[in-house]
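S.K.: Have a look at the structure that comes next, please.
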Amino acid sequence: MTSKLHGTVAIVTGASSGIGDAAARQLASQGARVAVVARRKERLDTLVSSIESDGGTALAVTADITNRAEAEQAVKTVVDRYGRIDILINNAGLMLLGTVLDQDVTDWERMIDINQKGLLYMTSAALPHLLEATTTGPREVADIVNISSYAGRVASPNFATYNMTKFGVNGFTEALRQEVTQKHVRVGVLEPGAVATELKLHNSEAIQQQLAAAEAENIPELLEPDDIADSITFMVTRPRRASIAELWNMPTSQA
């Protein structure tokens with residue numbers, strides 16, 4: 001039986017760990033040639049080797065997508081290698097928590113750079129190729145999936161700037177969906193709840209302990225990266241006639 005994504009090319013950002021790593025593996029297992037994009041080259045190389053040992057095809061692209069030139073070059077590298085792009089998974093993200101009064105403004109700038117600017121740069125560079133794929137690709141449809149968050153729906157203390165970035169991702173995704181989905185570039189937003197990833201590890205030890213205590217009390221069973229990768233795969237493997245605009249995937253104890 002032919003894999004659902006046979007003949008396609010997918011880009012996954014933030015692929016050096018967590019959701020991005022899991023998504024790359026699942027898309028490759030469905031037949032996509034997967035370009036994995038992140039800053040940590042050694043991790044990308046390990047991921048590519050693993051995908052290839054499982055019979056898939058993958059390309060490591062080391063880039064800092066908060067730099068517009070590097071994001072554009074990453075897209076060019078993929079097109080130069082594979083000749084096309086059918087799927088873009090904007091997964092790269094950063095969550096730095098703290099009160100508005102006390103948090104370092106540099107942390108805000110870092111989140112805006114990766115959560116919003118990186119997503120914008122990758123989308124802008126990839127979109128012409130995605131539109132082309134709707135007429136030349138094996139499926140005659142292309143996909144963008146933007147990874148937002150539960151924090152893109154619900155605001156909370158200590159999450160203010162992270163909330164802002166993810167609410168913005170939701171708004172951008174919906175506007176872009178209205179612009180291009182009827183041209184068969186499907187645009188959807190995926191909003192995970194609490195997932196067992198490295199995301200919270202960029203915070204101070206004190207905040208990590210607060211998060212761990214809150215999760216232990218309120219969310220005893222977190223989602224795993226594969227749970228979100230399942231949702232990504234579901235969104236991009238729908239028949240051409242079906243488009244998933246929004247998918248909210250939560251731990252049962254958090255929903």
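S.K.: Taking a point 7 angstrom from the Cα of Leu131 along the C-beta vector, which residues in the stretch 170-201 have backbone N less than 20 Å away?
M.R.: 172-188
S.K.: Now for a different question. Taking the Cβ of His202 as the centre, find all other residues whose Cβ is under 15 Å away and add up their charges (Lys, Arg: +1; Asp, Glu: -1).
M.R.: Values: positive: Arg39, Arg40, Arg110, Lys200; negative: Asp104, Asp107, Glu109, Asp113, Glu198, Glu205.
Net charge in that neighbourhood comes out at -2.
S.K.: Report the local net charge at Arg153: Lys and Arg +1, Asp and Glu -1, summed over other residues whose C-beta lies under 12 Å from its C-beta. Walk me through the numbers on the way to the answer.
M.R.: Working: positive: Lys166; negative: Glu191, Glu246.
Counting the neighbours of Arg153, the net charge comes to -1.
S.K.: Along the charge dipole of the chain, pointing to its positive end and built from +1/-1 on Cβ of Lys, Arg, Asp and Glu, which listed residue (Ile51, Ala32, Ile207) has its Cα farthest out?
M.R.: Positive-most Cα among the choices belongs to Ala32.
S.K.: Let me ask something additional. Taking the highest mean first, how do the peptides 137-144, 47-54, 185-192 order by number of other beta carbon atoms within 10 angstrom per residue? Don't jump to the answer; show the numbers that get you there.
M.R.: Numbers: 137-144: 21.4, 47-54: 15.9, 185-192: 24.8.
Packing proxy ranking, top to bottom: 185-192, 137-144, 47-54.
S.K.: Turning to a different aspect of this structure: With 10 angstrom as the radius, rank Val12, Val34, Val145, Val195 by how many other C-beta atoms surround their C-beta, starting from the fewest.
M.R.: Numbers: Val12 34, Val34 31, Val145 26, Val195 22.
Ordered by Cβ neighbours within 10 Å, fewest first: Val195, Val145, Val34, Val12.
S.K.: Relative contact order for the stretch 98-255: what is it in percent, counting Cα pairs under 8 Å that are at least 6 residues apart?
M.R.: Averaging sequence separation for qualifying contacts and normalising by length gives 25 percent for the stretch 98-255.
S.K.: Work out the length of the dipole vector of the chain about its Cα centre, built from +1 on the beta-carbon of each Lys and Arg and -1 on the beta-carbon of each Asp and Glu, and round it to the nearest 20 debye. Please report the intermediate quantities before stating the final value.
M.R.: Values: 23 positive and 31 negative charges, 208 e Å.
For the chain, the charge dipole is close to 1000 debye.
S.K.: Right, here's the next one. List the residues of the stretch 7-40 whose backbone N lies under 15 Å from a point placed 7 Å from the Cα of Ser53 along the Cα-to-Cβ direction.
M.R.: Within reach of a label on Ser53, which here means backbone N under 15 Å from a point 7 Å along Cα→Cβ, the stretch 7-40 contributes 25.
S.K.: Can I ask one more? Taking the Cα centroid of the stretch 30-48 and of the stretch 60-122, what is the distance between the two, rounded to the nearest whole Å?
M.R.: If you average the Cα positions of each part, the centres end up 15 Å apart.
S.K.: Starting with the fewest neighbours, write out Thr161, Thr62 ranked by other beta-carbon atoms found within 10 Å of each beta-carbon. Don't skip to the end; give the middle numbers.
M.R.: Numbers: Thr161 22, Thr62 18.
Ordered by Cβ neighbours within 10 Å, fewest first: Thr62, Thr161.
S.K.: Would you please put 172-178, 213-219 in order of how densely packed they are, using the mean number of other Cβ atoms within 10 angstrom per residue and starting with the highest?
M.R.: Peptide ranking by packing, descending: 172-178, 213-219.
The numbers here are math on the coordinates, done by the rules we state, and not lab data. Keep in mind the model is a prediction, meaning the values are calculated, not measured. Ideal geometry is used to build each Cβ from the backbone, glycine not excepted, and the neighbour counts take in all protein chains shown.
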